[in-house]
1. Looking at (1) in a loop (DSSP other than H, G, I, E, B); (2) within 16 Å of the ligand (Cβ to nearest atom), which is the only condition C300 fails?
2. Could you list, in sequence order, all residues of region 342-400 that are of a type in the set (A, V, I, L, M, F, W, C), open to solvent by 20 Å² or more (accessible area, probe 1.4 Å), touching a Leu at 6+ places or on another chain (Cβ under 8 Å) and assigned to a loop (DSSP other than H, G, I, E, B)?
3. Return yes or no: is R309 charged (D, E, K, R), closer than 26 Å to G111 by Cα, within 13 Å of the ligand (Cβ to nearest atom) and in contact with an Asp or Glu (Cβ under 9 Å, 6 or more places away or on another chain)?
4. What number of residues in region 83-120 are within 12 Å of the chain's Cα centre (by Cα) and either assigned to a loop (DSSP other than H, G, I, E, B) or not charged (D, E, K, R) (or both)?
5. Can you name every one of the strands (runs of 3 or more DSSP E) wholly within region 1-77 that holds 1 or more residues which are in contact (Cβ under 8 Å) with a residue 40 or more places away in the chain and in contact with a Ser or Thr (Cβ under 7 Å, 6 or more places away or on another chain)?
6. Take A281 and decide whether it is open to solvent by 20 Å² or more (accessible area, probe 1.4 Å), within 27 Å of K168 (Cα to Cα), among the hydrophobic types (A, V, I, L, M, F, W, C) and in contact with a strand residue (DSSP E or B) (Cβ under 6 Å, 6 or more places away or on another chain).
7. Go through F212, F228 for me and flag whichever is among the hydrophobic types (A, V, I, L, M, F, W, C), within 16 Å of the ligand (Cβ to nearest atom) and touching a residue at least 24 places away in the same chain (Cβ under 8 Å).
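The values are calculated or read from the model by the stated rules, or taken from the named source; none is laboratory data. Every value quoted in this text rests on a predicted model; they were computed, and no experiment measured them. Note that we place each Cβ from the backbone using ideal geometry, even for glycine, and neighbour counts take in every protein chain shown. All accessible areas refer to the heavy atoms of the entire protein, side chains included, with ligands and DNA or RNA removed. Shrake-Rupley method; radii C 1.70, N 1.55, O 1.52, S 1.80 Å.
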Amino acid sequence: MGMTMTQKILAAHAGLNSVKPGQLIKAKLDMVLGNDITSPVAIKEFDKVGLDKVFDINKIAIVPDHFTPNKDIKSAEQVKICREFSKKMGIVNFFEVGQMGVEHALLPEKGLVVPGDVVIGADSHTCTYGALGAFSTGIGSTDMAAGMATGEAWFKVPEAIKFKLKGKPRKWVGGKDVILHIIGMIGVDGALYKSMEFTGEGCRELSMDDRFTIANMAIEAGAKNGIFEVDEKTEEYVKEHSVRAYTAYKADEDAEYCSAYEIDLDTIKPTVAFPHLPENARTIDNVGDIKIHQVVIGSCTNGRIEDMRIAAEVLKGRKVHGDVRCIIIPATQKIWKQAMNEGLFDIFIDSGAAVSTPTCGPCLGGHMGILAKGERAVSTTNRNFVGRMGHPESEVYLASPAIAAASAILGKIAGPEELD
Ligand code: SF4
């Protein structure tokens, strides 16, 4: 029986010729990731074992991004643990404020993940790197500790669902609309412990930033991972960001999938996920009249340079509505600088938006834009659970940067086509 992309990567890292869904394997790791919330717990567990070194100082990344620059004493103590551990162990990829960015935007940008890698991260959106044709998945802090110690992790080989994409997205439709459409179709448990494999000619019409957004939200359908076939765009991205050698795995012709969908990108409309689940997807022509108080454009889902450019295209020459706070957070220092150099900050600031240093911040209700009781936000982030961005009686509507920016101007959920 043939293997899927994920199965091939896992087999290669387990030293096996082939693997089957459901099989338990131990695989070698190319990268172990943690952030300022999850790493301190992992470090405590690591210390309990009494080891004085990690398996490979180049294959661990610790990114304090959630509550940084530190929002309070507790968060400062958490990062101090990360900083001191990284220094003691000689971990190369510890990213201090000033180099730090949102982890899942930062690692690909730094060339730390390449096609064919196996990556674990103590953060559920580690699945983002599937955009590069890598197997990457979220794990808990104890698995992070074990990964840092041994360079290995065990996995149950997932079954796979095939998403064959065709056509080309229309203007104002991007990766966020595609993945919200898919989650709306299959539900938040539609891919439970499965691999979401994206193939087909339509993939070529998606930018790398679109693919990162789509793979990032595979976990919102319950998936173990999301993964794209490697093509010229992937190769170009990897060449620009990394010097590491890599292997591009392609699914066999006779690979088995537990289900398959064909999605015509031409037919997808701008989409919004209503509170309090990403599966509550509605197309922009079906949202009704919903007044909002805040807009957030950023995060590991949509804080990349293309997202900044789209937001600027919509905000240019227009003003943020008087009842709305619009917060824009480029996901990394590099994106921040690029956006500044392209003049996007002039557009944002002239429109009345605030621009923040890179941080997860409001995405998880951490800081930099918490919602009060009864407030509503349109956000380019990936989760709209109860209380995700603040008060349990606040509401988060997930959308693309285009919808978020248009909503900021009109003071209600709207697409850019509703602007003059
Ligand atoms: Fe998690 Fe949000 Fe940070 Fe992404 S931006 S890593 S979803 S908290």
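1. The number of the failed condition is (1).
2. Matches in region 342-400: F385 only.
3. no
4. 6
5. 31-35
6. It is true that A281 is open to solvent by 20 Å² or more (accessible area, probe 1.4 Å), within 27 Å of K168 (Cα to Cα), among the hydrophobic types (A, V, I, L, M, F, W, C) and in contact with a strand residue (DSSP E or B) (Cβ under 6 Å, 6 or more places away or on another chain).
7. Within the list F212, F228, the selection yields F212.
Residue-by-condition table, conditions (1) touching a residue at least 12 places away in the same chain (Cβ under 8 Å); (2) open to solvent by 30 Å² or more (accessible area, probe 1.4 Å); (3) in contact with a helix residue (DSSP H, G or I) (Cβ under 6 Å, 6 or more places away or on another chain); (4) not basic (K, R):
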| position | (1), (2), (3), (4) |
| --- | --- |
| K239 | no, yes, no, no |
| A255 | yes, no, no, yes |
| E262 | yes, yes, no, yes |
| F274 | yes, no, no, yes |
| D285 | yes, yes, no, yes |
| D289 | yes, yes, no, yes |
| N302 | yes, no, yes, yes |
